[in-house]
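The values are calculated or read from the model by the stated rules, or taken from the named source; none is laboratory data. Because the structure is a prediction, the values reported are computed rather than measured. Counting neighbours? That spans all protein chains shown, and the Cβs are built from the backbone with ideal geometry, glycine included. SASA here: full protein model, heavy atoms, side chains in, ligands and nucleic acids out. Shrake-Rupley method; radii C 1.70, N 1.55, O 1.52, S 1.80 Å.
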Amino acid sequence: MMTLSQEQANTAWVQFYTVFERLGLSKHYDIDKLKSELLSSPCAITEDMGTAYKGALLMHINMVMALAQRTTKMISGTFQIDEDSLLKVCCIMHLSKRHMYVENDNEWEIKNRGLLFKFAKDVEGCLKGGERSALEALNNGIKLSPIEYEAIKALDEDDTTKNPFKSILTIIVKQANELAYAIEKERYNKLTNKN
């Protein structure tokens, strides 16, 4: 399993927290607890995804933010996107994963299937990750616009779902997320020579 060095963990946390604080989101969360959870949370359960290690959730969120910002700059001549709204969605959309996964205690599954983590049994309801993250944010007193909620929830949609009415914010966030996963998976494959 991959691991973050202390320096990588500190750098990733500062990068995330700087944005989180600037947007005023930090007053809605127990920051010490959030930091601990993000530094110990994966972003997937299977090793081959490249995001099944402690701290991967934090690294993924930061990568999605960076990719979304770059994409927004590229299309700024055509579309105007509120950067604070973009970053708010990127910060919040995956936070529910810190409660959704636990370390796998089944050695056979770890060794033979690469399932380093599994779904937590004590998670209530059958909400998907985006819905769960938006609900937590709303319950914590964060206001979300309809477009921000749409962008967070779009992560739960099947890729075959075509909706011509999606906002440009939703399109950017969804694409940045998919690109981040592709990059992380490719980096893992190169590290383990699985290409």
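Taking the stretch 88-166 and the helices (runs of 4 or more DSSP H) fully enclosed by it, the elements with 3 or more residues that are over 18 Å from the mean Cα position of the chain (by Cα) are at 107-113.
If the condition is being assigned to a helix (DSSP H, G or I) and over 19 Å from Glu136 (Cα atoms), then the stretch 1-38 contributes Gln6, Glu7, Gln8, Ala9, Asn10, Thr11, Ala12, Trp13, Val14, Gln15, Thr18, Arg22.
Does Asp84 satisfy being at pLDDT 95 or above, under 27 Å from Ser145 (Cβ atoms) and of a type outside the set (Val, Ile, Thr)?
Taking the combined requirement at face value, the residue satisfies it.
Taking only the stretch 112-126 into account, find how many residues are closer than 13 Å to Ala52 by Cβ and open to solvent by less than 100 Å² (accessible area, probe 1.4 Å).
5
Restricting the stretch 69-86 to residues that are closer than 23 Å to Leu25 by Cα and hydrophobic (A, V, I, L, M, F, W, C), the residue that is surrounded by the fewest Cβ atoms within 10 Å (Cβ to Cβ) is Ile81.
Within the set Ala44, Ala66, Ala52, the sole residue that is among the small types (Gly, Ala, Ser), open to solvent by less than 40 Å² (accessible area, probe 1.4 Å) and in a helix (DSSP H, G or I) turns out to be Ala66.
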